[in-house]
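Trainee: Handing you a structure now.
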Amino acid sequence: NAGVTQTPKFQVLKTGQSMTLQCAQDMNHNSMYWYRQDPGMGLRLIYYSASEGTTDKGEVPNGYNVSRLNKREFSLRLESAAPSQTSVYFCASSERGPAGGYTFGSGTRLTVV
Amino acid sequence: GENVEQHPSTLSVQEGDSAVIKCTYSDSASNYFPWYKQELGKRPQLIIDIRSNVGEKKDQRIAVTLNKTAKHFSLHITETQPEDSAVYFCAASSSGSNDYKLSFGAGTTVTVRA
C-alpha cells in the first residue's frame, strides 16, 4: 500500500523553465492538496481539490496551475519557474476534507536557479 | 481565512521533562484541530487530533487541550525521549461541507537533550 506517491523527489530548474509535479494516491480519497514548505513559514496551501472534477485556490496560488486528472491523480504545474518558487512541495490527500487528517507524500525538493 | 499562530518556534527540553506547544486560531467556526510531527527530511505525519466538542484528548505520552472560548489549543508531551525531537505543526479547519482545507501554524522545532 503506497499511500501518496510524489514524483520527482528532487529537481533543479533554471528560471523560466516549466515543469509538472506528479501526485497519485491509492487510498480512494476524495480530497487532494498541494502545499509548499519554507523555513519558518510552515505549510502553505497552494491549490486543493475537494473532489474529483473540482479545484480551488489556496493561500499562495500565483505562478501555479493544477489538474485533477482523475480521482487518484493531482498534478501541480509551474509554467515559468522563479527563484521564489524554490521550496519543498508536499502533496496530501484525505478521505473527505481535513477531518481524520491528511496523508502526505514524501515531498519534492525544488530548486530554481 | 483562518490564521493559526504557533509558539514557541523552538523548544529545547531535557530528556524526561515535559514539552508544551501552544497555538491560537482566528476563525471561531473552526472545529477540527490536528497536530503533525515532521522528522528531519521526512513527511509530516498526524500524531493526534481533537474536535471542538472535546476539551482534552490523550494518547500515551501526548495530549491535546482545547479552549474554544479563548480560541487556543495546546500539545503536551510528557516524559520526552530523543525520538520526540522533530518539528511539530498545529493546524485548524472548520471541517464543514464548504471548507476542505487545513491552515497550519509555522511549526515548533523540538530538541530533546540527552
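Trainee: What is the one condition in (1) within 14 Å of chain A (Cβ to nearest Cβ); (2) open to solvent by 30 Å² or more (accessible area, probe 1.4 Å) that residue B:108 does not satisfy?
Mentor: Failing condition for residue B:108: (2).
Trainee: If a residue has to be farther than 20 Å from residue A:69 by Cα and in a strand (DSSP E or B) to count, how many in the stretch A:20-41 make the cut?
Mentor: 2
Trainee: Report those strands (runs of 3 or more DSSP E) wholly inside the stretch B:33-91 carrying at least 3 residues which are in contact (Cβ under 8 Å) with a residue 40 or more places away in the chain.
Mentor: B:72-77
Trainee: Next up: How about the stretch B:15-57: which of its residues are of a type in the set (D, E, K, R), within 11 Å of chain A (Cβ to nearest Cβ) and crowded, with 16+ Cβ neighbours inside 10 Å?
Mentor: B:43, B:49
Trainee: Got a number for residues in the stretch A:19-33 being in contact with a Leu (Cβ under 9 Å, 6 or more places away or on another chain) and within 11 Å of chain B (Cβ to nearest Cβ)?
Mentor: Summing the residues that are in contact with a Leu (Cβ under 9 Å, 6 or more places away or on another chain) and within 11 Å of chain B (Cβ to nearest Cβ) in the stretch A:19-33 gives 1.
Trainee: If the requirement is being open to solvent by 20 Å² or more (accessible area, probe 1.4 Å) and within 12 Å of another protein chain (Cβ to nearest Cβ), which of these qualifies: A:63, A:40?
Mentor: Among A:63, A:40, only A:40 is open to solvent by 20 Å² or more (accessible area, probe 1.4 Å) and within 12 Å of another protein chain (Cβ to nearest Cβ).
Trainee: Now a separate question. Going residue by residue through the stretch A:64-80, is there one that turns out to be under 27 Å from residue B:40 (Cα atoms) and in a loop (DSSP other than H, G, I, E, B)?
Mentor: So far as the stretch A:64-80 goes, no, none of its residues is under 27 Å from residue B:40 (Cα atoms) and in a loop (DSSP other than H, G, I, E, B).
Trainee: Next question. Residues that are open to solvent by less than 20 Å² (accessible area, probe 1.4 Å) and at the interface with another protein chain (Cβ under 9 Å from one of its Cβ atoms): does the stretch A:51-59 have at least one?
Mentor: The answer is no, given that none of the residues of the stretch A:51-59 is open to solvent by less than 20 Å² (accessible area, probe 1.4 Å) and at the interface with another protein chain (Cβ under 9 Å from one of its Cβ atoms).
Trainee: Further question on the same structure: Filtering the stretch A:66-96 down to residues that are within 11 Å of chain B (Cβ to nearest Cβ), farther than 11 Å from residue A:34 by Cβ and touching a Gly at 6+ places or on another chain (Cβ under 8 Å), which residue is surrounded by the most Cβ atoms within 10 Å (Cβ to Cβ)?
Mentor: Filtering first and then ranking leaves A:94.
Trainee: Restricting the search to the stretch A:34-82, which residues are polar (S, T, N, Q) and under 13 Å from residue B:102 (Cα atoms)?
Mentor: A:49
The values are calculated or read from the model by the stated rules, or taken from the named source; none is laboratory data. This is a predicted model, so every value here is computed, not measured. When we count neighbours, we look across all protein chains shown, and the Cβ atoms used for this are built from the backbone with ideal geometry, even at glycine. Each accessible area value is taken on the protein alone, full model and side chains, heavy atoms only, with ligands, DNA and RNA left out. Shrake-Rupley method; radii C 1.70, N 1.55, O 1.52, S 1.80 Å.
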